[in-house]
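Single-structure report; data block below.
The values are calculated or read from the model by the stated rules, or taken from the named source; none is laboratory data. Since we're looking at a predicted model, the values are computed, not measured. Note: ideal-geometry Cβ built from the backbone for every residue, glycine included; neighbour counts use all protein chains shown. Accessible surface is based on the protein model in full, side chains and every heavy atom, while ligands, DNA and RNA are left aside. Shrake-Rupley method; radii C 1.70, N 1.55, O 1.52, S 1.80 Å.
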Amino acid sequence: MRHQFLQTFGLADNALATKPGPAQRRSRNQIILRKILFTLLRTGFIPSHEHCVRRVMLRECRGSRKPNMKTTIAVLSAGLLSFGLVLPSHAAIVGWDFSSGMSPSQGSGTLTTIANFGETVGVSGGFGNPAPSLLFSPGGTGGSFTIQISGTGLSGFSVTYDGLAASPPLSQTWTYSTDNVTFTPLAGGPSPLTASWATYTADFSGVSALNGQSAVYLRDSFAGDAAFDNITVSAVPEPVNVALVVFGLCVGGVSVGRRMYSRVSA
């Protein structure tokens, strides 16, 4: 197992199998960190535009400057932070398919509803769809549903869902809040609901006021009978958090590699 780890980063070679000579004396940590960094560069985990990282590491490798442990760690950290800036992508954090009523089918969050005068809201089949969905009928005055989630460590929110209207087209207005009191309309929201099931997206990725908030409220309002299903909220993890996780894994790898190096060299 230790040989597989060493081979992953090219550490099981003659340079490590024998004790370094005076002309090429380097600490074990320096060798392991360089191997890990070069592996990340070679596989594209650190973006190619990070030419400054490449230049510094190449200068140290060629001996044009004295190897320095602090420089090696700093360069590796910069590379991993850059890696973290391009890694994150949207991921589902909470969703409802209404197979379990109003409880989330995945993730953590709450969904509350408001029915306008004469309207009834509940989870049931309707509008020719036997599967359970969030159904607003038969008053014709509509209502709203509000999603509450924690936005800590998240940004770039979006809501994807299926919907239809009993009397199309039915306009829908998405708003957002961080205190559940003052709601701000979302510019460029989804198109009106139609008579057939279709997928819609409310994109809040341009609303920086929601990023990292401990409480995020997203609300869809409409003035007619409607049904909704497969509501999913997605967001992007903050880049720094991802980079720190990756850096922690590499530091752990260095520690393991150092112990394995000692056994191989012994």
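Amide H to amide H, which residues 5 or more places from Ser124 or on other chains are under 5 Å from it, using H placed in the peptide plane?
Placed amide hydrogens put Ser133, Leu135 under 5 Å from Ser124.
Using a 1.4 angstrom probe on the protein heavy atoms only, line up Phe228, Phe117 by accessible area, largest first. Mind showing how you got there, number by number?
Numbers: Phe228 0, Phe117 185 Å².
Per-residue accessible area, sorted high to low, gives Phe117, Phe228.
If you count only protein heavy atoms and use a 1.4 Å probe, how large is the accessible surface of Thr194, to the nearest 10 Å²?
60
Express the carbon and sulfur contribution to the solvent-accessible surface of the range 181-243 as a percent, rounded to the nearest whole number, probe 1.4 angstrom.
Details: 1410 of 2700 Å².
Heavy-atom surface of the range 181-243 belonging to carbon and sulfur, 1.4 Å probe: 52 percent.
For Val207, which sequence-distant residues (separation of 5 or more, or a different chain) have an amide H within less than 5 Å of its own amide H, given hydrogens modelled in the peptide plane?
none
Go ahead and collect, in residue order, the members of the range 188-230 whose backbone nitrogen is under 17 Å from a label point 7 Å along the Cα-Cβ direction of Thr141.
221-226
For Ala198, what is the net charge nearby, where nearby means another residue's Cβ is under 12 Å from its Cβ and Lys, Arg count +1, Asp, Glu -1?
-2
Round to the nearest 0.05 the FRET efficiency obtained for Thr173 and Ser89 when R0 = 22 Å and r is the Cβ-Cβ distance.
Details: r = 28 Å, r/R0 = 1.28.
Taking R0 as 22 Å, the efficiency between Thr173 and Ser89 is 0.20.
Just how large is the dipole of the range 99-232 about the Cα centre, in debye to the nearest 20, putting +1 at every Lys and Arg Cβ and -1 at every Asp and Glu Cβ?
Working: 1 positive and 7 negative charges, 19 e Å.
Its charge dipole is roughly 100 debye.
Ordered by residue, what ³J(HN,Hα) values in Hz, to whole numbers, does the range 111-126 give under the Karplus form 6.51 cos²θ - 1.76 cosθ + 1.60, where θ = phi - 60° and Gly and Pro are x?
10, 10, 10, 10, 9, 5, 3, x, 8, 10, 10, x, 9, 6, x, x
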